[in-house]
1. Mind checking whether some residue in region 34-42 is within 19 Å of ALA149 (Cα to Cα), in a strand (DSSP E or B), of a type in the set (Val, Ile, Thr) and modelled with pLDDT of 50 or more?
2. Residues in region 267-313 that are surrounded by fewer than 18 Cβ atoms within 10 Å (Cβ to Cβ) and either at pLDDT 70 or above or within 22 Å of VAL230 (Cβ to Cβ) (or both): how many?
3. Checking the structure you have, find out if any residue of region 243-261 is modelled with pLDDT under 75 and not in a loop (DSSP other than H, G, I, E, B).
4. State yes or no: is LEU220 under 21 Å from GLY244 (Cβ atoms) and either modelled with pLDDT under 60 or not in a loop (DSSP other than H, G, I, E, B) (or both)?
5. Restricted to region 330-339, and to residues that are open to solvent by 40 Å² or more (accessible area, probe 1.4 Å) and of a type outside the set (Lys, Arg), which residue is modelled with the highest pLDDT?
6. Looking at region 283-297, I want the residues that are over 13 Å from ALA314 (Cα atoms) and of a type in the set (A, V, I, L, M, F, W, C) and have a partner that is open to solvent by 50 Å² or more (accessible area, probe 1.4 Å) and not in a helix (DSSP H, G or I) with Cβ atoms under 7 Å, at least 6 apart or on another chain. Which pairs are those?
7. Among the residues of region 231-242, how many are open to solvent by 60 Å² or more (accessible area, probe 1.4 Å) and modelled with pLDDT under 80?
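The values are calculated or read from the model by the stated rules, or taken from the named source; none is laboratory data. What you see is a predicted model; the values in this text were computed from it and never measured. Don't worry about glycine lacking a Cβ; one is built from the backbone with ideal geometry, like all the others, and counts go over all protein chains shown. These area figures cover heavy atoms from the full protein model, side chains too; ligands, DNA and RNA do not enter into them. Shrake-Rupley method; radii C 1.70, N 1.55, O 1.52, S 1.80 Å.
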Amino acid sequence: MSNEDLFVQGDAASPAVATSEADPWLVLVVDDEPEVHAVTRLVLTRLRYRGRPLKLLNCLSAVDAERVLRETPDIAIILLDVVMETEDAGLRLVRTIREEIGNQAIRIILRTGQPGQAPEEDVVLAYDINDYKAKSELTSQKLFTSVVAALRAYTDIVALETNRRGLQQIIQSTDRLFELRSMQQFAAGVLTQLSSVLRVKPDAILCAQREPDSGALTVLAGAGRYADAVDNPEAALSPAVVAGIGEAFRSKRGVYGADGSTLYIRVPDGHEVAAWIHTDRPLDGVDRALVEVFASKIAISFSNVSLYERLREANETLELRVAERTRALEEANARLNRLATLDPLTGVWNRRRFLELAGAELGRARRYGRQLGIFLLDLDRFKQVNDTYGHAAGDEVLRTVVKRTREALRASDHIARFGGEEFVVLLPETDVEGSGIVAERVRASLAQTPVLVEGRGVPITGSIGVANWLPDEASIEQTLRRADSALYAAKQAGRNRVEWG
């Protein structure tokens, strides 16, 4: 497979980058063709998103990919081929990711070199994927766009999940604090639980203001480097820690620094408590919100358990937001798929999608020695319809033509709009005689009854050119050319007739 086969040449992705040593986004590339991995790496190697680079993990089979996914839970995106060790290996892996591994956050982008092997509409409806791309249409720019969009969605989902888990952990941790009976036990428990909420080592102290007038501090509990602060606070506390705690007491709110933060807590018995915690990083908005919720939970929980209900509602709201966000992404993907494959006026396949389906059917016909018919339908004197009745009437005629044609076709047949008033129909596993029978049935259906538009009958007929694929024809375009010649002959012979090419 050449680079041109994998990525159609387009504008190269050249995003503005900001070099960073931050943890990279993990992207898993799963494809049984080594060149696909090389080209993907070439396209994505310079991509940065929110200051973080990409790190590509590579697997040549769905089996290897499943192992990596189970060992590496924080993969953001998987670029997944459909056909590998089996024809549906990629689709089976999608099921495994969502149902067995239970990973709902990872964004799944299917890539296939054989769109007909797994029809796009069927796959999007049946599998929990986030994008579906044919390799023949995937330019470097489109790959860049798809990856950035997937990272954006992944970031949103992870942020919501982090918030939800943080709130859930707060509920669980403060439940444990109910069992503590003294202020010192309470202080030690707060340190342990606060460290867990912020995902840091318990390297912190907890202080209480002993004398409101003097501002002297009593250390109730310490951990890590401050374990000895209970007995000797003056020697153990640095000026920066003392300043942070003092500011929290004066402002009666949390104080956030570059490598440490102070949590302000007013407990039910009237004491004011400040917990300083070493974080090695500035707390982001999500962590700050969790810290504030934690502080209010501790302050109220001794006298009012109603916060349980409020936190439960907050948790349910977060889950609802995740579900709504997921539905919105699915609806957007479905809408994009419809726009990419359907004619907006008539609702049938567009030219590009039809040629993909025809190519797949041709491959099956050649592989299994089957027949394949095709015919072109062109409406007779359609310009006169527009000129006489107006373009709105012409659009209604086109929709009615599609409806009648579909009624005359079989469930396995495909119809597409090729442009203007011309349509094309693909007839899988149909010999020359059968193709003619279907074409004649369509012609008769159109000519039988005028189309009613605003109470007026608009007569309509169609000319049809039929051709069956010949084994020596390398592509469906050659068959289409013969059908087009037959259509021209039908027009020259008087219209409203079927001719064979």
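1. no
2. 14
3. Checked region 243-261: no residue is modelled with pLDDT under 75 and not in a loop (DSSP other than H, G, I, E, B).
4. Taking the combined requirement at face value, the residue satisfies it.
5. ALA332
6. Hits for this filter: LEU283/TYR256.
7. Within region 231-242, residues that are open to solvent by 60 Å² or more (accessible area, probe 1.4 Å) and modelled with pLDDT under 80 number 4.
Every residue, every condition in (1) at pLDDT 75 or above; (2) open to solvent by less than 60 Å² (accessible area, probe 1.4 Å), yes or no:
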site: ALA126; (1), (2): no, yes
site: LEU151; (1), (2): yes, yes
site: LEU167; (1), (2): no, yes
site: SER173; (1), (2): no, yes
site: SER182; (1), (2): no, yes
site: PHE186; (1), (2): no, yes
site: GLN193; (1), (2): no, yes
site: PRO202; (1), (2): no, no
